[in-house]
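Working notes for the structure below.
Just so it is clear, none of the values below were taken in a lab; they were calculated from the coordinates. Note that this is a predicted model, so its numbers are computed, not measured. As a convention, Cβ positions derive from the backbone with ideal geometry for all residues, glycine included, and neighbour counts pool all protein chains shown.
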Amino acid sequence: MRLLLSRSAAAFGLLFLVLGCGTKQQVAETPKLAPADPQAVNKMARGVEAAKSREGVAQAIGLLQQAVKADAKLWEAHYDLGVLLAESGELYAAEQHLERAAALAPNAEDVLVALSEVRRRLGDANGAVDALSGFVKQHPDAVVARVALMSALRESGRTDEAIQHAQEVLVRRAGDPNALSELALAYLEKGEIDTADLLSREALKAKEASAVAERTAGLVALKQGDDAIAFRHFARASELDPNDTTARLNMGTVLLQAGVYDKAEREFRAVLEKKPSDLDAGVGLAAALRGQGSRDKPGPYQEAERVLLGLLKQHAQAPAPAFNLGVLYADYLQKPGEAKQMFEKFLDYASSKHPARARAEQKLAELQGKAKP
């Protein structure tokens, strides 16, 4: 079974901070702007209040959209709107508002961190690095931004640079569990599993109850081939941070790769209960359903199709749903015309370096060959 997630299941979730007017972390003074429009500020405040409950998120997004329309320079509203859109799975729209917030408030650390994380979720690791590198150079003590930069550097293949930044954090904040965890992941990618294991254990010691450290320990255990220990760490991470779905996403991905489709389905559904528009969880669920279908039992294939079509409607430019629909149509539902359209759509939106481009091009060529008289 081939699964294409929009990004790899990572040890860290999106580092979104608390919404609220006047609560944004700033390392230096933001530019002096004209006084904000009072009505825009009022709508922003109402939006922030509405966002405190899950049922109020849609209303909050609407109010914040009205706020930025009334006052395009209200950077806090752009930031809050970007955060909510990202949490709702609208990553491209979220990126636009976070870019606007960053342009208006270039010294607001949490804005740049959020922008970087959205770009990582979009598969643009280099863009994530660009969002943070200048800020970290200007503000070397900005630990949160530096840890986020480490993640982006690691995902862009610049592992040695990520390690250097981790060491910088540990000089300033010895025993920081986030820095130790990220350092462990960097060495894990270098293939130095023993070093990664040692650093992961140090991260667990550094903070008795750290979901980040537990997730990292789970990933290290997986690399060591010990699935049972890995799952215990992931379960512990979920207990420590019930609102963070990253550990369950990791578990679902591992179960999917192991071919345990029914249990993988359960984990992805649990993520979607908390984040109905989560792209990775939706793609994972479709793949888990696909694994449970057969010619005599097409129901799971049909549900997988509905899931992917829903994702494509929500994330029109995301390549993962299109690719997975192409595979589903070509190999399982025998719909070559629809498969061809999906692979073409994928190739339109996927970057030139996307790891699935070669397979999509091959499948498309096969489909076009069959269509010839």
Quiz item: Hey, which of these cross-link pairs are over 27 Å Cα-Cα: Lys52/Lys263; Lys274/Lys313; Lys263/Lys363?
Solution: Lys52/Lys263; Lys263/Lys363
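Per the Kirkwood treatment, what hydrodynamic radius in Å, one decimal, follows for the chain from the mean inverse distance over all distinct Cα pairs?
On the way: mean 1/r = 0.0461 Å⁻¹.
Radius from the Kirkwood sum: 21.7 Å.
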Practice problem: Consider just the alpha-carbon atoms of segment 42-91 and return their Rg together with their Dmax, both in angstrom. | Solution: 9.6, 28
Self-check item: Taking only Cα atoms of segment 212-309, radius of gyration then Dmax in Å
Solution: 13.8, 44
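Under a point-charge model restricted to the Cβ atoms of Lys and Arg (+1) and Asp and Glu (-1), what is the dipole moment magnitude of segment 297-373 relative to its Cα centre, in debye to the nearest 20?
80
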Self-check item: Computed [θ] at 222 nm, deg cm²/dmol, the chain (DSSP H ≥ 4; -39,500 (n - 2.57); rounded to nearest 500)
Solution: -22500 deg cm²/dmol
Quiz item: Sorted from fewest to most neighbouring beta carbons within 10 Å, what does the list His78, His315 look like?
Solution: His315, His78
Self-check item: Dipole-positive endmost among Leu149, Met44, Val260 within the chain (Cβ charges, Cα centre)
Solution: Val260
Exercise. Take every Cα pair under 8 Å in the chain that's 6+ residues apart, average their separations, divide by the length, and report that relative contact order as a whole percent.
Key: 13
Exercise. In whole Å, largest first, what are the principal axis extents of the Cα atoms in segment 298-373?
Key: 31, 29, 16
Quiz item: Hey, what do the phi angles of segment 70-84 turn into as Karplus ³J(HN,Hα) couplings, whole Hz, using 6.51/-1.76/1.60 and θ = phi - 60°, x for Gly and Pro?
Solution: 6, 8, 5, 9, 7, 5, 4, 5, 4, 5, 4, 5, x, 4, 5
Practice problem: Loop sites only, by DSSP: take the GluC sites (Glu not before Pro) in the chain that have at most 14 other C-beta atoms within 10 Å and name the longest stretch containing none of them. | Solution: 209-373
Practice problem: May I ask you to list the aspartates and glutamates whose Cα is less than 14 Å away from that of Lys223, ignoring any residue fewer than eight positions away on the same chain? | Solution: Glu189, Glu192, Asp194, Asp197
Practice problem: With unit charges on the beta carbon (Lys/Arg positive, Asp/Glu negative), name the residue among Pro177, Ala318, Gln59 whose Cα is farthest towards the positive pole of the charge dipole of the chain. | Solution: Ala318
Quiz item: Between Ala211, Ala287, Ala358, which gets the highest mean-square fluctuation from a Gaussian network model of the chain, Cα cutoff 10 Å?
Solution: Ala358
Quiz item: In the P(r) worked out for segment 187-233, what percent of Cα pairs fall beyond 18 Å?
Solution: 20
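Give, as a single signed number, the net charge of other residues whose beta carbon lies under 14 Å from the beta carbon of Asp176, with Lys and Arg counted +1 and Asp and Glu -1.
+1
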Quiz item: aspartates and glutamates within cross-link reach of Lys297: Cα-Cα under 20 Å, excluding same-chain residues under 8 positions apart?
Solution: Asp262, Glu265, Glu305, Asp331
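Among the trypsin sites (Lys or Arg not before Pro) within segment 234-334, which fall in a DSSP loop and have no more than 12 other Cβ atoms within 10 Å of their own Cβ?
Counting only loop positions with at most 12 other Cβ atoms within 10 Å, the trypsin sites (Lys or Arg not before Pro) in segment 234-334 are Arg295.
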Quiz item: For segment 180-207 and segment 256-329, what is the separation of their C-alpha centers, rounded to whole Å?
Solution: 32
